[in-house]
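Asker: Questions regarding the structure given below will be posed in turn.
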Amino acid sequence: MAKVLTTRSLVRAPITLYRNGFGWLLGSRMLMLEHVGRTTGEPRYVCLEVVRRPSPDVVVIVSGFGERAQWYRNLRATPRCHVSIGRQRRRPATARLMGEAESAQALAAHQQEHPRAWARLRSVIEQAVQHPVEGLPMVELTLAARPV
């Protein structure tokens, strides 16, 4: 299963669904993040699991590959992004990198609410990165108000 996270074509397959308007098939626990490449300025895309949804306009995601993940580094440079989740497409959003304590608290809540999903995800991440996962950086995405 860790091979999936490190095989580019498999990781990128859901992006095609989102870009063609079928992201809703993946449910509300997945999203597509459109962000800006920090060196190229070009749009970049990644599909990620939703860890928490404290309100309809706030989504928390986790960087399974830590701070070295390209999307994470890109959001650090340019927090403005777009989110496609469920039937919502390209909703403007602003990313906020959560601090270590806040990330740990969000991860603990996720582990408690979804123990089996976390056990599977943790195992896959640990196999992919070749070391135990203790803490992971989290990002809070605040979605812009929908136009009326």
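Asker: Summing -39500 (n - 2.57) over the DSSP H runs of n ≥ 4 in the chain and dividing by its residue number, what mean residue ellipticity at 222 nm do you reach, to the nearest 500 deg cm²/dmol?
Answerer: My calculation for the chain gives -11000 deg cm²/dmol from helical runs alone.
Asker: Shifting gears a bit: Show me, for region 49-55, the HN-Hα J-couplings you get by feeding each phi into the Karplus relation (A = 6.51, B = -1.76, C = 1.60, θ = phi - 60°), rounded to Hz, glycine and proline as x.
Answerer: Result, rounded to whole Hz: 7, 7, 8, 8, 9, x, 7.
Asker: Hey, what do the phi angles of region 59-72 turn into as Karplus ³J(HN,Hα) couplings, whole Hz, using 6.51/-1.76/1.60 and θ = phi - 60°, x for Gly and Pro?
Answerer: 10, 10, 10, 10, 9, x, 9, x, 6, 7, 4, 4, 4, 5
Asker: Pull out a ≥ b ≥ c, the square roots of the eigenvalues of the alpha-carbon gyration tensor of the chain, then state rounded if a/c is under 1.5, prolate if not and a/b is larger than b/c, and oblate in the remaining case.
Answerer: Rounded.
Asker: Can you run phi through the Karplus equation (6.51, -1.76, 1.60; θ = phi - 60°) for region 125-138 and list ³J(HN,Hα) in whole Hz, with x for Gly and Pro?
Answerer: Residue by residue, region 125-138 yields 4, 4, 5, 6, 8, 6, 7, x, 9, 9, x, 10, x, 10 Hz.
Asker: What does the charge dipole of the chain about its Cα centre add up to, to the nearest 20 debye, if the Cβ of each Lys and Arg holds +1 and the Cβ of each Asp and Glu holds -1?
Answerer: The calculation lands at about 580 debye.
Only the coordinates and a few stated rules stand behind these numbers; no lab work does. All of these numbers come straight from a predicted model, not from anything done at the bench. Because the Cβ atoms are built from the backbone with ideal geometry, glycine has one as well, and the counts that use them run over all protein chains shown.
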